[in-house]
Structures are given as structure tokens and as C-alpha cells.
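Worksheet: the structure to be examined is printed underneath.
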Number of protein chains: 2
Amino acid sequence: MPLVVVGSVALDSVETPTQKRDNVLGGSAVFFSYAASYFTTVRLVSVVGEDWPAEHTELLRSRGIDTAGLEVVPGAKTFRWRGKYLPNMNDRETLDVQLNVFAQFDPVLSEECRRSKFLFLANGPATLQMKVLKQCPGASLTVADTMDLWINSQREELGELLQQVDGLVMNDAEAKLLTGDENLVRAGHAIRQMGPRFVVIKKGEHGAMFFSKHETYVLPAYPTPDVIDPTGAGDSFAGGMMGYLAEKDSFDPETLKEAMAYGILVASFTVEDFSLDRLEKITRQDLDQRMEQYRKMLSF
Amino acid sequence: MPLVVVGSVALDSVETPTQKRDNVLGGSAVFFSYAASYFTTVRLVSVVGEDWPAEHTELLRSRGIDTAGLEVVPGAKTFRWRGKYLPNMNDRETLDVQLNVFAQFDPVLSEECRRSKFLFLANGPATLQMKVLKQCPGASLTVADTMDLWINSQREELGELLQQVDGLVMNDAEAKLLTGDENLVRAGHAIRQMGPRFVVIKKGEHGAMFFSKHETYVLPAYPTPDVIDPTGAGDSFAGGMMGYLAEKDSFDPETLKEAMAYGILVASFTVEDFSLDRLEKITRQDLDQRMEQYRKMLSF
């Protein structure tokens with residue numbers, strides 16, 4: 001089943017304790033699409049400026065990603081993010097954000113996108129996410145991501161969105177901020193009671209938690225020793241998860257748990273290099289091999 | 001198989017964001033013994049002062065713990081620890097430590113203890129741990145815990161100890177301190193190369209990692225919503241792990257992984273109330289039931 005993602009496409013500048021990269025391919029919708037492309041056809045909806053290097057679009061297309069929804073605005077500049085990781089490689093500081101063309105992003109989805117069964121609303125203003133959601137009344141699985149900025153500035157709108165989506169994916173700090181509860185198990189269930197049928201809390205190097213009415217579980221991250229750049233890990237997780245659900249055309253509890261695991265594994269590859277550099281080198285077979293090791297790790 | 005533990009017995013004063021308890025039963029060897037008592041006979045070796053309430057010893061005996069090695073020193077005071085948890089309930093501040101009688105602790109093990117196959121050296125000075133180890137040359141599984149204080153003040157002695165023990169258990173911050181590496185996967189293997197055949201890194205609410213020459217794995221914590229007081233969780237983990245190994249009289253890779261899981265589950269009960277209050281209310285059957293849920297949580 002095709003999967004639609006609406007979110008940011010960016011040029012990232014990333015500093016880690018040992019290395020630095022400027023203006024590399026990034027953005028939530030980019031990591032999401034690339035991660036999901038191992039499982040299904042992804043339709044990417046986003047916007048860039050005329051400074052956008054065409055080879056980036058080519059790279060996405062080479063993985064079968066449908067970039068018809070990627071608007072290039074003449075005279076405008078692409079969204080830019082600059083960040084720096086602390087020595088633990090799990091916490092980061094945002095040094096600079098230039099929304100540029102993304103500030104006016106007001107997507108009108110194609111007929112093809114509107115008919116899609118699977119929709120992911122990547123991190124963005126809740127008002128924007130709601131506008132997109134309204135264009136896809138027939139979608140059978142809609143999942144959103146969010147962040148501190150929108151929790152703080154659009155709490156009411158986010159509350160309305162949570163009544164409308166099937167799932168919410170967010171990180172641990174955001175779940176604590178949204179609920180005011182430092183216990184993630186309680187926070188997860190509290191968010192579920194705000195509307196969505198399921199909630200996923202991403203914990204970075206510590207894996208991810210899942211909450212639905214009848215289930216609460218935690219899956220650990222895959223223990224890779226090669227953490228080079230964590231940028232995009234969370235979006236890769238969501239892409240792997242949604243991609244697998246779309247591939248299986250199902251979101252029953254068993255498939256959701258497998259999807260969580262695939263999300264964790266794609267993310268474990270993403271962090272092994274900057275930007276998409278590591279993902280570019282792997283195939284579905286590498287993911288399945290790591291899945292075998294991961295299942296073995298968790299059985300006893 | 002009986003299991004010997006040498007470590008501290010203390011009176012703890014604990015402050016959490018919502019509650020406070022003064023002079024409750026604590027200490028590494030207490031949490032360890034009680035946790036291990038669900039699986040095997042434990043011989044506790046420690047020291048207390050004459051302020052030690054006899055009912056605490058009775059409580060330990062009621063679980064079948066052999067307290068013959070618990071020396072009561074007349075005129076002396078018991079080890080006291082006072083700490084305060086931050087709102088996240090994972091990080092804490094030590095407000096006061098009074099070593100008291102524990103400062104002169106220089107245990108001479110009984111013949112029975114010296115013949116024990118399973119030995120746990122709870123957190124203490126490396127010099128003390130080494131003295132105990134030398135009294136048990138026939139032990140087939142020796143495991144030690146340590147902490148920042150000894151890593152900083154007895155690094156050389158700790159290095160010698162690591163050449164002699166089979167396993168080391170420590171928390172994430174201590175593993176980073178010992179190796180200078182912020183990546184726990186690399187840190188775990190680096191510590192293994194200092195001597196022990198296996199290393200376990202405890203990650204609090206995020207579970208535990210295991211490292212041996214041929215294996216690297218992570219098991220998540222059991223997601224309990226009821227975290228009341230995390231004091232003793234790490235020692236309970238070690239007690240559950242070692243207790244299970246002693247019960248099975250084995251430390252092959254399969255048994256070690258099951259033991260890690262039992263350690264995680266005993267710890268998940270420990271944090272659900274102050275001191276031993278929660279453990280006092282559970283049976284082996286409760287542990288086995290939670291194990292069933294835990295296995296289910298990790299299968300997909």
C-alpha cells in the first residue's frame with residue numbers, strides 16, 4: 001500500500017564531538033521517506049527553495065520515492081537546521097533554524113495522495129497537520145509526530161488533532177512536556193486518553209515504548225557501537241514503522257509490534273553515519289538480517 | 001546452591017518528590033539478599049552497630065536468609081545513607097553518608113561461606129572486595145559491583161580485582177566514568193577487556209545490557225507505572241540475577257540471559273515502594289507471572 005508523508009525537507013548542518021557536516025540532506029520527511037522506502041512506495045509531500053540540489057531529489061527517486069509532491073519554489077530558500085550533539089550523542093542543542101520556504105508551507109495534496117490509506121503527519125505545526133488530515137478523510141491509518149515547539153505554542157490545536165489521528169509518535173522529553181508526568185508509562189497512557197488509539201514514545205538510545213488500550217510494551221534499541229550522527233533517527237524510526245504497516249496493509253497488534261521493531265532497526269542504521277549516508281548503503285536484506293539478530297537478542 | 005554476598009547493611013533516609021522515609025532498612029547486601037532469596041539460600045556477610053533493630057534481622061531470616069555472617073558491633077553505629085530523588089526518579093543526590101561501623105568492615109568468612117560456589121561482592125572498596133575474594137579460591141562464579149567513589153579513589157586496585165572476578169555489574173554512569181567512553185556498547189566491551197568474562201551495565205528505568213566475548217544484548221526494564229522509590233533497584237537486580245544462577249547452578253549463556261530477566265523483574269517490584277515494602281508482599285509466583293508478561297512483551 002502506498003504511504004503518504006507530509007513534513008519538512010531540509011539542509012542540515014551537524015556538529016558531533018568529533019566531526020562536522022554542512023548542508024547535508026535532512027528533514028523529517030526525508031528520513032521518513034527513505035526509511036519507509038525499504039517496505040513500500042512513499043509519496044513525499046513537502047517544499048524546497050531554488051537552492052535545493054537536484055541530485056537530492058534524484059537520490060530519493062532512486063529508492064522509488066514518489067517526489068511529485070515536492071514543490072520547488074523559485075526565489076525561495078530551503079529550510080535549514082543547524083545543531084550540535086553533546087558528548088553522550090543522545091542530547092543535542094539547536095544552534096540555528098531558518099524555516100525559509102517551509103514557513104509558508106500550505107500543501108494541497110494530489111488526488112492520488114488523498115486516496116492513500118496510510119498517512120504520516122511528520123513534525124510540524126498542529127494547524128498544518130490538521131489541514132492535511134482534512135484532505136484525507138478516507139485514510140484508514142493516520143499517525144502524527146510533534147515536538148516541544150508545537151506543544152508549547154499550539155497546545156489547543158494539538159489537542160484537537162489528537163482527537164482525530166489514530167496514532168501519535170513523539171520522543172520522551174516531549175511526552176513528559178505534554179503530560180507534566182516524568183513517568184513515561186503513565187505519560188504514555190495519559191496521551192492515549194487525549195484521543196489517539198495508540199501512542200509511541202521514542203527514547204533514542206533506549207528504544208521505544210508502545211501504548212494502546214490493551215497493551216503496554218518497551219522494545220530496546222539495537223545496540224550499535226557505531227553512533228556517528230543521531231540526526232533523523234526518530235524520523236527513520238517512524239518511517240520504518242509506517243512503511244512496514246503499509247507493506248503489510250495491516251495495523252493489528254502483532255503487525256504493530258513487528259513494525260516498531262523494524263522502525264528501531266532502520267534507526268539503528270541511520271545513526272551509523274551522517275545524513276542518509278549509511279541508509280544509502282543498505283538493502284532490505286541487511287534490515288532483515290539485523291531483525292534476525294534482534295529477535296535472537298530478545299528471546300530467552 | 002547457596003550464594004554468598006558481602007556488602008553493606010544500612011539505615012536509609014529517602015526523599016522522593018512526593019514522599020519521605022527516615023531510617024528504613026537498606027544497604028546493598030540487604031536488597032541483594034532479599035531479591036536472591038526468591039531463588040536460593042543466601043548467606044549475608046556484613047556488619048551493623050548496636051542501633052540495629054533486631055526486627056530487621058528477623059525480616060531477613062523470615063525469607064530464609066542466613067544472617068550468621070551479620071556481625072553486630074557493640075558501641076558502634078550502623079551505616080547511614082540519606083538521599084533525594086530528582087523528579088525523573090532516575091537520578092538522585094546523596095545528601096549524607098555516615099559509614100560508621102562499615103568503615104572498619106574487614107570480614108572473615110566462615111568455612112561454609114568460603115566453600116560457596118557463588119559469590120557476590122556488593123559495592124565497596126576494591127581492596128575489601130579483593131580480601132574477600134582471596135578467602136574463596138574455590139568459588140566458581142564471582143561477580144562484583146562497584147561505584148564512582150572506588151573508580152576514582154581505587155582505580156588501580158579495581159583494575160586488579162577485574163583481573164580476578166568472572167563478572168562485573170555496574171550502572172551506566174559508572175561504566176562511562178571507568179572507560180571515558182559515552183557509548184555504552186563500546187564501554188561494555190572495553191570493561192570486558194579489563195578482565196571479567198562478562199559485564200552487565202544497569203541502566204535504571206531503561207533496563208540492562210550484557211557483554212561477553214560472543215554476546216552483546218540489551219533487555220528493557222519492565223514498564224511499571226508505580227515508581228515510588230528506586231533505592232535498591234540495582235542491588236535487587238544483581239540479587240535476582242545471581243540468585244537465579246545459583247538456583248540453576250549454571251552460568252551458561254542461556255541461563256545468564258534468563259537470570260538478567262529475573263534481575264530486571266525483581267528490581268521492577270523493588271521500585272514500587274520504599275525499602276523492602278513491596279518485595280515483602282510478593283512471592284516467587286508473582287515473579288513468574290511478571291516473567292510471563294515480560295516474555296510476551298518481548299516476543300513478536
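Read-outs throughout are calculated quantities, based only on the coordinates presented, and are distinct from any laboratory measurement. All values derive from a computational prediction rather than experimental measurement. Note that we place each Cβ from the backbone using ideal geometry, even for glycine, and neighbour counts take in every protein chain shown.
Structure above, values below:
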{"quantity": "Residues A:181, A:96, A:235, A:229 arranged by fewest to most Cβ contacts within 10 Å", "calculated": "A:96, A:181, A:229, A:235"}
{"quantity": "³J(HN,Hα), Karplus 6.51/-1.76/1.60, whole Hz, each residue of segment A:174-180, x for Gly, Pro", "calculated": "5, 5, 5, 5, 5, 9, x"}
{"quantity": "Semi-axis lengths, Å, segment A:136-245, gyration tensor of Cα atoms, sqrt of 5 times eigenvalues", "calculated": "22, 16, 14"}
{"quantity": "Only Lys, Arg (+1) and Asp, Glu (-1) charged, at Cβ; the protein assembly as shown dipole about Cα centre in debye", "calculated": "660"}
{"quantity": "Amide hydrogen neighbours beyond the local backbone of residue A:71, cut-off 5 Å, H modeled", "calculated": "A:46, A:47, A:48"}
{"quantity": "For segment A:233-273, Kirkwood radius (reciprocal of mean inverse C-alpha pair distance, Å)", "calculated": "9.8"}
{"quantity": "Long-range tail of P(r) for segment A:193-276 (Cα pairs > 19 Å, %)", "calculated": "36"}
{"quantity": "Using θ = phi - 60° and Karplus 6.51 cos²θ - 1.76 cosθ + 1.60, couplings along segment A:63-79 (whole Hz; Gly, Pro as x)", "calculated": "9, x, 6, 7, 9, 4, x, 8, 7, 9, 9, x, x, 9, 10, 6, 3"}
{"quantity": "Of all DSSP beta bridges in segment A:28-152, antiparallel share, percent nearest 5", "calculated": "40"}
{"quantity": "Förster radius 41 Å - calculated FRET efficiency between residue B:249 and residue A:86 (Cβ-Cβ, nearest 0.05)", "calculated": "0.35"}
{"quantity": "Anisotropy class of segment B:243-300 from Cα gyration tensor, a/c 1.5 cut", "calculated": "oblate"}
{"quantity": "Relative contact order computed over chain A (Cα-Cα under 8 Å; 6+ residues apart), in percent", "calculated": "18"}
{"quantity": "Once exposed loop trypsin sites (Lys or Arg not before Pro) are cut out (DSSP; at most 13 other Cβ, 10 Å), longest piece of chain A", "calculated": "A:1-114"}
{"quantity": "Antiparallel %, DSSP beta bridges [both residues in chain B], to 5", "calculated": "40"}
{"quantity": "Residue A:131-residue A:71 pseudo-label distance in nm [points 7 Å out on the Cα-to-Cβ vector]", "calculated": "0.8"}
{"quantity": "Residue B:215 long-range amide H proximity, modeled H, under 5 Å", "calculated": "none"}
{"quantity": "Cα lying deepest toward the dipole's positive end in chain B, options B:253, B:170, B:72, charges on Cβ", "calculated": "B:253"}
{"quantity": "Sum of -39500 (n - 2.57) over DSSP H runs of 4+, divided by residues of the protein assembly as shown (222 nm, nearest 500)", "calculated": "-11000 deg cm²/dmol"}
{"quantity": "Magnitude of the charge dipole, chain A, Cβ model with Lys/Arg +1 and Asp/Glu -1, debye to 20", "calculated": "520"}
{"quantity": "Segment B:1-100: C-alpha gyration tensor shape, a/c 1.5 cut-off, then a/b vs b/c", "calculated": "oblate"}
{"quantity": "Considering only the protein assembly as shown, percent of DSSP beta bridges that pair antiparallel, nearest 5", "calculated": "40"}
{"quantity": "Using a Förster distance of 56 Å, the FRET efficiency for residue A:282-residue B:93 (Cβ separation, nearest 0.05)", "calculated": "0.80"}
{"quantity": "Unit Cα scatterers, Debye sum, segment B:83-174: log10 I(q)/I(0) for q = 0.11, 0.24 Å⁻¹", "calculated": "-0.38, -1.26"}
{"quantity": "Where only alpha carbons of the protein assembly as shown are counted, the Rg and the Dmax (Å)", "calculated": "26.1, 86"}
{"quantity": "From phi via Karplus (6.51, -1.76, 1.60), per-residue ³J(HN,Hα) for segment A:245-257 in Hz, x at Gly/Pro", "calculated": "4, 5, 4, 7, 6, 7, 9, 6, x, 5, 5, 4, 5"}
{"quantity": "Label-point gap, in nm, between residue B:153 and residue A:160 - each point 7 angstrom along Cα→Cβ", "calculated": "6.1"}
{"quantity": "Chain B: C-alpha gyration tensor shape, a/c 1.5 cut-off, then a/b vs b/c", "calculated": "rounded"}
{"quantity": "Cα-centred dipole magnitude for segment B:177-232, charges only on beta-carbon of K, R (+1) and D, E (-1), debye, nearest 20", "calculated": "380"}
